[in-house]
Amino acid sequence: MILTGVIFLRFKKKILSFILAFIFLINSSFVVFAEIGVENECSGFLISDFETGEVLEGKNMDKVFPMASISKIMTYIVVKDTISQGKLKEKDIVEIDRKSASIEGSNMALKVGEKLTVEELLTGLMVVSANDAAHALAIKVSGTEEDFVKKMNLKASEIGLNSGKFYNSSGLQQGENQNKLSIKDIFKMSRYCIQKYPEVLYYSRYKFLEMPERNFKKESTIPLVGEIKGVDGLKTGYTEEAGYCLVSTMNVAESGGGEFRLITVIMGTSSIKARATLTATLLNYATSNYAKKKLVEDGKIYETIKSNASKEGILEIVPKKSVSKIVKKDSEIVYESKIDENKTKPPLKSGEKVGELSIKINNKTEIKTDLIAKNSLTKVGLFTRILRFIVNVIRSILGLFKFS
């Protein structure tokens, strides 16, 4: 617990003067946010590495939750898929029907008969979480929302989201049904969206959605952008049952030139302010305690072996590829290698596998990568091998005299 106390004091000195509070209590196995009540102030959360999909920290990650307007990430994916398939264009006109105009909740004040482009509706969908835009896009893509929802569920299955189900395009409660997914699946959906359609992060640039020709102006629902460096998305959600939820993403640029992206998910908080504050806490914790480290560098000579049976005389062994990973800054990293001597004998071609390198992080094997020959080996005759043996013996004897 001494380590816990030191970290607590270190962070206490760095508490921000505005609404975001950062106090952390940590032990060697998991994070405890008891001092600010994060665990008690949300239904569940997750911090994850965007690149690898690895979960760094979390609570109730496999539990299924109503996700409210976070559902619109899937709506966005299905619409963008339709565009990429050539079945729809961003400049296509959508005429607003009566049902779309009457959708309750967060909206962009669509009126019956109004004509907007697909891109304008996508902007409303992601910037102000417009339920009316979600419904209008669903009708444009599939004719009915029911058919659009079928596409949402098919896409969910394709991505591997097996924990829940979609009932509509907006995330509003529909009778007794609500769109639901586990926190891990919400992360997978968000990661997929950013991977396939990175332009989704463009919408975080909007502080307000302004459409003067419609006499419309509304503040973006995406929090923390501009407040925490690197935060550039992604999506809020709220219903009475779901509580206040948020998927946030942050591009972290490290002082040493490294860069990585985090995604956090937090579900079931009590207010707009709480979900922003708690998400900020998670992001601050992650950037303070994790770093992206290059654990293995390809081309770097890992081991050199004498090879009297080859023309070259030595074999240089290198990792097949570089390996980088987000790890806790205080992690213990241990390398273990296994080299198959039978595979180091000539003839041997450059690039051939000769062994394996295992990397243990905090006593757990996390990564394995091949060790390969950097140079080729060709066989030499018996006379050269004998001559090298004699030279090596002489050098050893001279070395002993020098030591004496």
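The table below lists the values:
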quantity	calculated
Sites residue 84 and residue 210, calculated FRET efficiency, Cβ-Cβ separation with R0 25 Å, nearest 0.05	0.35
Solution diffusion estimate, µm²/s, Stokes-Einstein, the chain, Kirkwood Rh from C-alpha pairs, 20 °C, viscosity 1.002 mPa s	87 µm²/s
Cross-link pairs 345/374; 207/235; 151/217; 180/292; 328/353; 87/155 - those with Cα-Cα distance over 23 Å	151/217; 180/292; 328/353
Peptide ranges 62-71, 295-304, 206-215 listed from the most packed, as the mean C-beta count within 10 angstrom indicates	62-71, 295-304, 206-215
Two-site FRET efficiency, residue 345 against residue 202, from Cβ-Cβ distance with R₀ of 60 Å, rounded to 0.05	0.60
Per-pair calculated FRET efficiency, R0 = 30 Å: residue 240 and residue 95 via Cβ, rounded to 0.05	0.40
Label-to-label distance, nm, for residues given as residue 62 and residue 368 (7 Å Cα→Cβ offset)	2.4 nm
Within the accessible area of the chain (1.4 Å probe), percent carbon and sulfur	51 percent
Nearest 10 degrees, 0 to 90: helix 382-403 Cα axis against the chain principal axis	90 degrees
Segment 130-176 - accessible surface per residue (Å², probe 1.4 Å)	44 Å²
Sum of -39500 (n - 2.57) over DSSP H runs of 4+, divided by residues of the chain (222 nm, nearest 500)	-9500 deg cm²/dmol
Inter-centroid distance (Cα atoms) of segment 72-146 relative to segment 311-373, Å	52 Å
Where labels lie 7 Å past Cα in the beta-carbon direction, separation of residue 306 and residue 154 in nm	6.7 nm
Cα principal axis extents for segment 221-363, largest first, Å	75, 29, 25
Potential lengthening between residue 219 and residue 52 on full extension [0.36 nm per residue; Cα-Cα distance subtracted]	56.8 nm
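The values are calculated or read from the model by the stated rules, or taken from the named source; none is laboratory data. Because the structure is a prediction, the values reported are computed rather than measured. A quick note on method: Cβ atoms are made from the backbone with ideal geometry, for glycine too, and the neighbour counts reach across all protein chains shown. All accessible areas refer to the heavy atoms of the entire protein, side chains included, with ligands and DNA or RNA removed. Shrake-Rupley method; radii C 1.70, N 1.55, O 1.52, S 1.80 Å.
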